[in-house]
Amino acid sequence: MEGVIECNPHKEVRTAGKLKPAAKATPLSKEEGLELEALFVAGDANQDGVLTFSEFREILRTADSTVSHQIALRMFRETLCFMPDGGDSISPIAFATVAHAHGIKAPPAVVFNLLKKTWLQIQDDINLEKMKDDEQKHDAEELKDAIEETLKSQTDPALGVQNFRKFVLTFCGGKGESQGPPSAEEGADDESE
């Protein structure tokens, strides 16, 4: 939170459609942070860990339809400013911190709503070349079924987001892209969150 205030000391934050001074925002709890980070992953269509403004705006629009384009742009800039490298990309925790400061919430229904939109969006990006053998086809079908069942039952947003991420990294993208399945280190990162 201090990073947001230091980056924009005169900035006001948005809560429930109104603006209030940033210094009065409540601290980000671990649970809220994980929920907002799941929202970030659900909205990152290509799972590259970088949000375009379009992805960022769609996340905000799904979480709170009253966020204007200008507020979304300001939040995007704040999030970039929050990054230690000066703003080349947005990390999930930076997103969570700024979103929380602006009163954005990520209850399971919101995560599932965004995940459903993003799941439909990536269908054209599925690379059939990555499903040539029977094992790959089987793995793809299992993941697809798991994602669709999670979206239908809306019981475990973390599992839905994890399966979505694995599917995109394994079975989407062009021939020349080196997305591939998540490494053991990435998988460990996912489980620790």
- Note on the structure: About its Cα centre, the range 59-171 carries a charge dipole, from +1 on Lys and Arg Cβ atoms and -1 on Asp and Glu Cβ atoms, whose size in debye to the nearest 20 is 620 debye
- Task: State, to one decimal in nm², a quarter of the convex hull surface area for the C-alpha atoms of the range 90-167, i.e. the direction-averaged projected area.
- Result: 5.9 nm²
- Expressed as a percent, the accessible surface of the range 35-162 that is carbon or sulfur, using a 1.4 Å probe and the full set of protein chains, is 52 percent
- Report the extension gain between Leu34 and Thr155 in nm, rounded to one decimal, defined as 0.36 nm multiplied by the number of residues separating them, less their alpha carbon distance. 42.0 nm
- Message: Just to confirm, what accessible area per residue do you get for the range 129-177 at 1.4 Å probe, in whole Å²?
- Response: 60 Å²
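The values are calculated or read from the model by the stated rules, or taken from the named source; none is laboratory data. Please read these numbers as outputs of a predicted model, since none were measured by experiment. All Cβ positions, even for glycine, are placed from backbone atoms using ideal geometry, and neighbour counts span all protein chains on display. Each accessible area value is taken on the protein alone, full model and side chains, heavy atoms only, with ligands, DNA and RNA left out. Shrake-Rupley method; radii C 1.70, N 1.55, O 1.52, S 1.80 Å.
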